[in-house]
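Working notes, structure below.
Every read-out reported here was derived from the displayed coordinates using simple, explicitly stated rules and does not represent laboratory data. Quick caveat: nothing in here was measured; it's all calculated off a predicted structure. Positions of Cβ are generated from backbone atoms using ideal geometry, with glycine treated the same way; all protein chains shown enter the neighbour counts.
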Amino acid sequence: MTIPQFITSTPKPFVYAIIGTIIATPLLVALPHALPSYWKSVLVIFALNTIMIMGYRVITTMGGWSFSHVATAGLGAYTTAILMTLETPWSFWATLFLGAGISGLFALIIAYPVLRTRHYYFFLSTFAAGEALRQGYIQFKGITGGGFGISFIPRPEGFWGIDFNTTTGFYYLVLAIALIIWLLLYRFDLSRVGRTIKAVAANEELSESIGINTWGHRTLPFVLGSVIAGFAGALSANFNGAINPLDFGSILMFKLVAAAIVGGVSTFFGPIIGLLYLTALEEIFRAFAEWVPLLWGASVIAVLMIWSGGLEMAVLKLLALLRSILFNRAKNSRAKKIG
């Protein structure tokens, strides 16, 4: 297939996404060089959470809000931590994909009982599954290290002259994976399967009546989102060099849910806007860390009262207004020339 054929057969929004990614990449690559050491670490953690929330957004497209997402990411983290700290350590690249696969397998196993529930029952059932998994991290001390976790996890081998032992080098690794995942998930979102998943979420009974496999179209995004969480977990363990069960507790899970609500989940950039907002709050009130969850909760309530669709709706309205202003100016300019 030639490049023109590829462009004409690809949805225009995806072509625009590729162009936007190409334009934004040099800026994202240059960003850590303008930041001090601490903010480079914040940038890496934000990029890791971006991968996590992109996976979470995929799950929300099937109409459910999971509370086991972070605990599932822990499977990817523990897979990497265990296998890379053996006497004969595994390669990071092998553990990265294996951990993501195990996270997806766990989601597939619990899919049957969990996806039979709806609304807040789904929320509670995934919460129970996530807590059971987190308790497993604590109880299986011989494998997971129990409450102490696993330490001295080595960084991956570098390539192309990039040293992943540095914060900047590791940021480039996370950035590359995040951009690849973003483009693949966006293309999936625009595909027929992606649209069908949203249709099932909107009206499951009607979808089933016309022959759509509703079970499969609910299971797929649940498993796919968990696979993405596994990638984020493995990268997080590798960046921090140590993990313990507290890393996969309810605080981070609440942050992801709050970011999805504050930002909105209709678009891909909505949850990322919400995550950026909550991360900014976290850093501004770093000296008052105990107040941060309260501020997150207050933000959720405020957004639900003011912008039910999240901050993404405000951004979309602003862009529409700017487009209208530019269009009217261009129209007036042409009218003056004709006159």
> If you add up the charges near residue 19, with Lys and Arg at +1 and Asp and Glu at -1, over every other residue whose beta carbon is less than 15 angstrom from its beta carbon, what do you get?
Replying inline: +2
>> Quick check for me: using +1 on Lys/Arg Cβ and -1 on Asp/Glu Cβ, what's the dipole size of the range 162-276 about its Cα centre, in debye to the nearest 20?
In response: 200
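Can you sort 53, 177 from fewest to most other Cβ atoms within 10 Å of each residue's own Cβ?
177, 53
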> Pairing the Cα long axis of helix 69-84 with the longest principal axis of the chain, what angle in degrees results, from 0 to 90 and rounded to the nearest 10?
Replying inline: 50
> Can you give the relative contact order of the range 66-154 as a percent, counting alpha carbon pairs under 8 Å and 6+ residues apart?
Replying inline: 39
> So how do 226-233, 198-205, 63-70 stack up, highest first, on mean other-Cβ count within 10 Å?
Replying inline: 226-233, 63-70, 198-205
> Based on the alpha-carbon gyration tensor of the range 1-93 and its eigenvalue square roots a ≥ b ≥ c, which shape applies: rounded if a/c is under 1.5, prolate if not and a/b is larger than b/c, or oblate?
Replying inline: prolate
> Just going by the charge dipole of the chain, with Lys and Arg at +1 and Asp and Glu at -1 on Cβ, which of 83, 21, 93 is farthest out on the positive end?
Replying inline: 21
>> Starting from the 7 Å offset along Cα-to-Cβ, what nm value, one decimal, do you get for the label separation of residue 282 and residue 304?
In response: 2.2
> Treating the beta-carbon of each Lys and Arg as +1 and of each Asp and Glu as -1, no other charges, what is the dipole magnitude of the range 144-222 about its Cα centre, to the nearest 20 debye?
Replying inline: 140
> In the chain, what is the count of Lys pairs whose alpha carbons are under 30 Å apart, counting only pairs at least 8 residues apart or on separate chains?
Replying inline: 10
> For 210, 59, what ranking results if the residue with the fewest other Cβ atoms within 10 Å of its Cβ goes first?
Replying inline: 210, 59
> Looking at (i) 0.97; (ii) 1.11; (iii) 1.07, which value of Cα Rg over 2.2 N^0.38 Å comes from a calculation on the structure shown?
Replying inline: (iii)
> Modelled label-to-label distance, residue 124 and residue 210, 7 Å Cα→beta-carbon offset: nm?
Replying inline: 3.4
> For helix 269-284, what angle does its Cα long axis make with the longest principal axis of the chain, in degrees from 0 to 90 and rounded to 10?
Replying inline: 60
> Of 74, 186, 289, which is farthest on the positive side of the dipole of the chain, counting Cα position, with +1 on Lys and Arg Cβ, -1 on Asp and Glu Cβ, and the Cα centre as origin?
Replying inline: 186
>> Once you keep just the Cα pairs under 8 angstrom separated by 6 or more residues, what percentage relative contact order results for the chain?
In response: 27
> Based on the mean of other beta carbon atoms within 10 Å per residue, what is the order of 76-82, 308-314, most packed first?
Replying inline: 76-82, 308-314
> Magnitude of the Cβ-charge dipole of the chain, K/R +1 and D/E -1, about the Cα centre, nearest 20 debye?
Replying inline: 1480
